[in-house]
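K.L.:
First the structure, which I've put down as structure tokens, then a few questions once you've had a look.
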Amino acid sequence: MLMVISPAKTLDFDTAASCPLHTTPALLEHSAELIALLRQQSPAQLSALMSISDKLAVLNAGRYSAWKLPFDSVNAKPALLAFMGDVYEGLNAATLKPAQQLWLQDHLRILSGLYGCLRPLDLMQAYRLEMGTTLANARGKDLYAFWGDLVSDSLNQALAQDAEPVLVNLASQEYFRSVRPARLRARIVTPVFQDGKHGKYKIISFHAKRARGLMVRWAVEQSVNEPEQLKGFDSEGYAFDPAASGADIWVFRRAHED
């Protein structure tokens, strides 16, 4: 079983990493190609390209300029501990034990506009590049064209260790579009998280993002080996609803009091 999540816009490169181990991203040479393209953009162009403020554009132009190889524990940080945001608040990776971090290294991947596909302990340097960015490149008009089959092939490599491969999709639609299901040699299961009142349920973005991180946290704490075990997920009041679920779309609901 392999889970995938999205990255986050918010980063933490100030807090020291509570992780003695780290690895190198497998697709780093491709990241370097993107950095070379991004360095050609002025802050004003980056602002228009990414629909971000002038201040953020200047910040990220500086990040692209400072980006350099090789990565080490001084100039980079493990992805699992670098990303912040709703998913990562639910995951709360900083409190994981070393053995749990290693478990995630085998069972989790983070999809990324700049790095393609990251293992949790892969070092990364600060960046902002959303997967949906229309950045023209030698391979096509956007990042989906740039990454092509690379993300799917990277996932297949990780999934090959399982006799019955299953990919648990906990990523956003924007990021999961970088995966090509037809090329993936695995069953895809997608958990859906809904909140409701008076018997009416719907997806609330903030809660759903946090729930994705909570599920990853629950999986590592339970040392889940089979995807069916995820149906036991019960963090913060969620429960699997078989009546609302399909074979590969698993709905988890929680009711809120008035």
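Here, each number is a calculation from the coordinates, and none is a lab measurement. Keep in mind it's a predicted model, so treat the numbers as computed, not measured. With ideal geometry, Cβ positions are generated from the backbone for all residues, glycine too; neighbour counts draw on all protein chains shown.
K.L.:
I'd like the FRET efficiency for residue 247 and residue 68, computed as 1/(1 + (r/R0)^6) with the beta carbon distance as r and R0 of 35 Å, rounded to 0.05. List each step's numbers first, then the result.
P.N.:
On the way: r = 47 Å, r/R0 = 1.34.
Once the sixth-power term is evaluated, E becomes 0.15.
K.L.:
Positive end of the dipole of the chain, charges at C-beta (+1 Lys, Arg; -1 Asp, Glu), about the Cα centre: which of 13, 43, 65 has its Cα farthest in that direction?
P.N.:
After comparing all options, I get 43.
K.L.:
Once you have the Cα-Cα distance between residue 75 and residue 23, take 0.36 nm times their residue separation minus that, and quote the gain in nm to one decimal. All intermediate terms of the calculation are to be shown ahead of the outcome.
P.N.:
On the way: separation 52, 0.36 × 52 = 18.72 nm, distance 1.36 nm.
Answer, rounded to one decimal: 17.4 nm.
K.L.:
Relative contact order for the stretch 60-187: what is it in percent, counting Cα pairs under 8 Å that are at least 6 residues apart? Mind dumping the intermediate values first?
P.N.:
On the way: 146 pairs, mean separation 28.3, N = 128.
Worked out over the stretch 60-187, it gives 22 percent.
K.L.:
Which Cα, out of 182, 222, 246, lies furthest along the positive dipole direction of the stretch 179-258 (beta carbon charges, K/R +1, D/E -1)?
P.N.:
It is 182, whose Cα lies furthest towards the positive end.
K.L.:
Enter the Cα centre distance for the pair the stretch 2-34 and the stretch 40-61, rounded to the nearest angstrom.
P.N.:
Value for the Cα centre distance between the two parts: 22 Å.
K.L.:
For residue 138 and residue 14, calculate 0.36 nm times their separation in residues minus their Cα-Cα distance, and state this gained length in nm to one decimal.
P.N.:
Values: separation 124, 0.36 × 124 = 44.64 nm, distance 3.49 nm.
Contour length minus Cα-Cα distance gives 41.1 nm.
K.L.:
For residue 135, list long-range residues whose amide hydrogen, built 1.01 Å from N in the peptide plane, is under 5 Å from its own amide hydrogen.
P.N.:
143
K.L.:
Using a cut-off of 20 Å between alpha-carbon atoms, which aspartates and glutamates can reach residue 200, once sequence neighbours fewer than 8 places away in the same chain are excluded?
P.N.:
Hits, sequence-local ones excluded: 234, 236, 241, 257, 258.
K.L.:
Same structure again: Among 207, 107, 198, whose mean-square fluctuation peaks in a Gaussian network model of the chain (Cα, cutoff 10 Å)?
P.N.:
198
K.L.:
Continuing with the same structure: So, with +1 on the Cβ of K and R and -1 on the Cβ of D and E, and no other charges, what is the size of the charge dipole of the stretch 141-182 about its Cα centre, to the nearest 20 debye?
P.N.:
160 debye
K.L.:
Separate question: Can you put 109, 139 in order of Cβ neighbours within 10 angstrom, beginning with the fewest? Walk me through the numbers before you get to the answer.
P.N.:
On the way: 109 26, 139 15.
With the sparsest Cβ surroundings first, the list reads 139, 109.
K.L.:
Please report, in debye to the nearest 20, how large the charge dipole of the stretch 3-61 is about its Cα centre when each Lys and Arg carries +1 at its beta carbon and each Asp and Glu carries -1 there. It would help to have the intermediate numbers written out before the result.
P.N.:
Working: 3 positive and 5 negative charges, 25 e Å.
The dipole of the stretch 3-61 has a size of about 120 debye.
K.L.:
Relative to the first principal axis of the alpha-carbon coordinates of the chain, what is the inclination of helix 205-222, with its axis defined by its Cα atoms, in degrees from 0 to 90 and to the nearest 10?
P.N.:
Helix 205-222 sits roughly 80 degrees off the main axis of the chain.
K.L.:
Quick check on the exposure proxy: order 103, 250, 147 from fewest to most C-beta atoms within 10 angstrom.
P.N.:
Details: 103 18, 250 22, 147 28.
So the residues, fewest neighbours to most, are 103, 250, 147.
K.L.:
Separate question: May I ask for log10 I(q)/I(0) of the chain at q = 0.15 Å⁻¹, from a Debye sum over the Cα atoms as equal point scatterers with solvent left out?
P.N.:
-1.11
K.L.:
Provide the percentage of antiparallel DSSP beta bridges, counting only those with both residues in the stretch 162-258; round to the nearest 5. Numbers along the way, then the final one.
P.N.:
Values: 5 of 15 bridges.
Taking every DSSP beta bridge within the stretch 162-258, about 35 percent pair in antiparallel fashion.
K.L.:
Taking Cα atoms, how many degrees apart are the long axis of helix 54-66 and the longest axis of the chain, rounded to 10 and kept between 0 and 90?
P.N.:
The two axes meet at around 70 degrees.
K.L.:
Dipole of the stretch 1-122, Cα-centred, from +1 at each Lys and Arg C-beta and -1 at each Asp and Glu C-beta, to the nearest 20 debye?
P.N.:
Dipole of the stretch 1-122, to the nearest 20 debye: 100 debye.
K.L.:
In addition: At q = 0.24 Å⁻¹, what log₁₀ I(q)/I(0) does a Debye calculation on the Cα points of the stretch 69-125 give, no solvent, two decimals?
P.N.:
Evaluating at q = 0.24 Å⁻¹ gives log10 I(q)/I(0) of -1.06.
K.L.:
Once each part is reduced to its C-alpha centroid, what is the distance from the stretch 142-161 to the stretch 187-258 in angstrom?
P.N.:
26 Å
K.L.:
Counting only DSSP beta bridges with both residues in the chain, what percent are antiparallel, rounded to the nearest 5? Could the numbers behind the result be given before it?
P.N.:
Values: 12 of 30 bridges.
Counting only bridges with both partners in the chain, antiparallel ones make up about 40 percent.
K.L.:
Then there is this: Compute the length gained on full extension between residue 37 and residue 49: take 0.36 nm times their separation in residues and subtract their Cα-Cα distance, giving the result in nm to one decimal.
P.N.:
Values: separation 12, 0.36 × 12 = 4.32 nm, distance 1.25 nm.
Extra length available between residue 37 and residue 49 comes to 3.1 nm.
K.L.:
Using only Cα atoms and rounding to the nearest 10 degrees, what angle (0 to 90) does helix 98-107 make with the longest principal axis of the chain?
P.N.:
Here the helix axis deviates by roughly 90 degrees.
K.L.:
Go through 192, 134, 88 and say which Cα lies farthest out towards the positive end of the charge dipole of the chain; charges sit on Cβ, +1 for Lys and Arg, -1 for Asp and Glu.
P.N.:
134
K.L.:
So, one more: Output the antiparallel fraction of DSSP beta bridges having both residues in the stretch 104-211, as a percent to the nearest 5. Don't skip to the end; give the middle numbers.
P.N.:
Values: 7 of 10 bridges.
Bridges in the stretch 104-211 are about 70 percent antiparallel.
K.L.:
In nm, to one decimal, how far is the modelled label at residue 89 from the one at residue 202, with both set 7 Å along Cα→Cβ?
P.N.:
A separation of 2.1 nm, rounded to one decimal place.
K.L.:
A follow-up question, please. Given 20 °C and 1.002 mPa s, how large is the Stokes-Einstein diffusion coefficient of the stretch 21-161 in µm²/s, with Rh as the Kirkwood radius over Cα pairs? All intermediate terms of the calculation are to be shown ahead of the outcome.
P.N.:
Working: Rh = 16.0 Å.
The estimated diffusion coefficient comes to 134 µm²/s.
K.L.:
Based on the mean of other beta carbon atoms within 10 Å per residue, what is the order of 186-195, 120-129, most packed first?
P.N.:
120-129, 186-195
K.L.:
Something else now. Find out how many positive minus negative residues lie around residue 203, taking Lys and Arg as positive, Asp and Glu as negative, among other residues whose Cβ is under 11 Å from that of residue 203.
P.N.:
Details: positive: 202, 209, 253; negative: 195.
Every neighbour counted, the sum reads +2.
K.L.:
Counting other Cβ atoms within 10 Å of each Cβ, which GluC sites (Glu not before Pro) in the stretch 210-258 have at most 13 and sit in a DSSP loop? Could the numbers behind the result be given before it?
P.N.:
Values: sites: 221, 228, 236, 257; in loops: 257.
Counting only loop positions with at most 13 other Cβ atoms within 10 Å, the GluC sites (Glu not before Pro) in the stretch 210-258 are 257.
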